[in-house]
Amino acid sequence: MDNLFTNLDSTDSYAILFITIIGFLFGLIVGLLLKGAKARAYRKQLEAEKEKSQALQTEKITLEGNLRKKEEELAQKQTELHNLVEKLEAAESEKRNALTELYEAQQTVEKLEASHHSYASTIDDLNNQIIGLNTKNEHLIEEINAQNALAAAAPVQTVADEETVNRLDAVEEQLQAVIDQNKELRALLDKIGVKGQLGNSDESEPAVEELVSKGKSVLEGKIIEKPNQVDDLTKIKGLGSFTEKKLNELGIFTYRQIADWSDDMVEYITKEIAYIPGRIAKDKWIEQATALMQNEPATKLPKKYRDNTNLQIIEGIGPKIEALFKAEGINTWTELSASSHKRLKEILTKAGKRYQMHDPTTWAKQATLAANGKWEELEKYQDELKGGRS
């Protein structure tokens with residue numbers, strides 16, 4: 001190495017130094033060229049990223065605009081839903097009022113039917129009184145004529161004549177009083193006679209069976225009796241809150257009621273709530289309700305209230321009528337509560353004359369109270385009945 005720097009003046013040393021400088025410069029130039037190429041590549045990549053960022057920003061603005069539109073549509077739908085809910089509540093309120101009015105109309109019809117019999121009896125009594133008054137009038141007229149004849153035969157002479165005149169005046173006053181009374185009775189007869197004829201004429205107040213046959217729901221519709229303890233029916237898989245509300249409107253509130261359904265009852269419920277045919281059986285509502293009911297704590301009820309097929313707890317129903325109803329597919333309190341007055345009356349009529357005298361008007365209401373577990377209200381209601389009649 002010392003010799004290299006010592007001999008730096010030689011021609012070879014200059015050549016090496018020149019070559020070294022040339023190599024250094026060449027490497028520097030190559031490095032600069034490579035750096036410029038890489039910088040250009042980075043600039044192109046940066047421009048591409050900027051374009052991509054602008055596209056994303058545009059897409060973001062578009063999405064935000066769509067989101068605002070969706071939010072406005074959602075708010076509008078919520079407003080419409082709120083209005084529909086209010087209309088539904090108003091309709092349900094009107095329905096409840098209509099049911100109440102129909103029930104009151106039913107009670108009025110029953111009272112009118114009972115009044116018709118008493119009116120007929122009153123009319124007979126008034127007719128007898130009028131006949132008696134007419135007879136009495138005839139006797140009084142005969143007596144007056146006789147007194148007038150005596151007065152004409154004997155002119156006014158003595159005190160006896162004055163007594164005769166006084167007697168005639170008294171008779172005339174009595175006759176006038178009887179005539180006035182007769183007029184009042186006839187006016188009363190005319191007034192009552194209009195109502196009394198209702199029970200005997202062809203234009204009488206329609207009977208219970210006639211109202212049902214003409215499609216009047218006043219006798220079939222029952223005020224829904226909500227039980228003291230209501231089960232959460234939505235625990236049954238496949239039964240949502242909307243369907244639960246529909247069942248409540250039909251008087252179905254408990255697992256026991258669903259567990260007691262027969263095939264005919266399932267078909268009836270499916271039709272009433274506009275449900276998919278066969279879905280209740282497929283989802284096994286009855287089995288689920290039975291299981292849920294068995295998991296509930298046992299209640300201390302009288303033995304007669306534990307068997308929902310015991311129709312004899314209904315006042316007016318004995319063993320033979322119970323057998324008739326079960327032969328027609330009415331096996332439980334729930335099924336009896338859903339039976340119309342017309343159907344019950346048809347079953348009794350078909351069974352023969354000995355059963356036609358029974359009046360099933362209150363049986364469905366009693367069964368509704370029993371099915372809903374309102375035992376105290378049932379017993380209180382039955383205390384007001386006489387042989388099952390109100």
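The values are calculated or read from the model by the stated rules, or taken from the named source; none is laboratory data. These numbers come from a predicted model, not from an experiment. Cβ coordinates were reconstructed from backbone atoms using ideal geometry, including for glycine residues, and neighbour counts include every protein chain displayed.
If you filter segment 347-373 down to residues that are over 27 Å from I252 (Cβ atoms) and among the aliphatic types (A, V, I, L, M), you find that the one that is surrounded by the most Cβ atoms within 10 Å (Cβ to Cβ) is A351.
Go through the residues of segment 374-382 one by one and say whether even a single one is in contact with a Ser or Thr (Cβ under 8 Å, 6 or more places away or on another chain), closer than 25 Å to Y255 by Cα and aliphatic (A, V, I, L, M). No, segment 374-382 has no match at all. Do we have L324 as within 24 Å of Y103 (Cα to Cα), at pLDDT 90 or above and outside the structural domain of L239 (by TED's automatic domain parsing) here? Answer is no for this residue. Each residue in segment 91-114 was checked for being within 13 Å of the chain's Cα centre (by Cα) and small (G, A, S), and 3 of them qualify. The numbered conditions (1) within 22 Å of N308 (Cα to Cα); (2) at pLDDT 85 or above are all true for Q229 except (2).
Of everything in segment 307-362, what is acidic (D, E) and assigned to a helix (DSSP H, G or I)? Give them in sequence order. Outline the logic, then answer.
Taking segment 307-362 and keeping what is acidic (D, E), we get 307, 315, 322, 328, 335, 346, 359.
Hits for segment 307-362 are E322, E335, E346.
For the structure I just gave you, tell me whether G329 is on the phi > 0 side of the Ramachandran plot, touching a helix residue (DSSP H, G or I) at 6+ places or on another chain (Cβ under 7 Å) and small (G, A, S). Judged against the criteria, G329 is a match.
Every test in (1) crowded, with 17+ Cβ neighbours inside 10 Å; (2) at pLDDT 50 or above is passed by V212 save one, and that test is (2).
Looking only at segment 256-297, count every residue that is out of contact with any Gly (no Cβ under 6 Å at 6 or more places or on another chain), within 17 Å of L336 (Cα to Cα) and not in a loop (DSSP other than H, G, I, E, B) and tell me the total. Quick ask: steps written out before the conclusion?
Kept after step one, since they are out of contact with any Gly (no Cβ under 6 Å at 6 or more places or on another chain), are these residues of segment 256-297: 256-263, 265-282, 284-297.
Now restrict to residues that are within 17 Å of L336 (Cα to Cα): 256-263, 265-269, 272.
Next, from what is left, pick out any that are not in a loop (DSSP other than H, G, I, E, B): 256-259, 263, 265-269, 272.
Selection size over segment 256-297: 11.
Looking only at residues that are in contact with a Pro (Cβ under 9 Å, 6 or more places away or on another chain) and among the small types (G, A, S) in segment 303-343, which one is farthest from L385 (Cα to Cα)? Taking the candidates together, the pick is S339.
Reported count of residues in segment 331-373, each being closer than 17 Å to M265 by Cα and over 22 Å from the mean Cα position of the chain (by Cα), is 1.
Of all residues in segment 233-277 being among the aromatic types (F, W, Y) and closer than 21 Å to K365 by Cβ, which is surrounded by the fewest Cβ atoms within 10 Å (Cβ to Cβ)? First the steps, then the outcome.
Going through segment 233-277, the residues among the aromatic types (F, W, Y) turn out to be 242, 253, 255, 261, 268, 275.
Cutting the leftovers down to closer than 21 Å to K365 by Cβ gives us 253, 261, 268.
Numbers: F253: 23, W261: 20, Y268: 15.
For segment 233-277, the residue satisfying everything is Y268.
Condition check: farther than 30 Å from E249 by Cα and loosely packed, with under 10 Cβ neighbours inside 10 Å. Does T11 satisfy that? Judged against the criteria, T11 is a match.
In segment 81-88, is there at least one residue being in contact (Cβ under 8 Å) with a residue 40 or more places away in the chain, of a type in the set (D, E, K, R) and part of a helix (DSSP H, G or I)?
Keep residues of segment 81-88 that are in contact (Cβ under 8 Å) with a residue 40 or more places away in the chain, which gives none.
The answer is no, given that none of the residues of segment 81-88 is in contact (Cβ under 8 Å) with a residue 40 or more places away in the chain, of a type in the set (D, E, K, R) and part of a helix (DSSP H, G or I).
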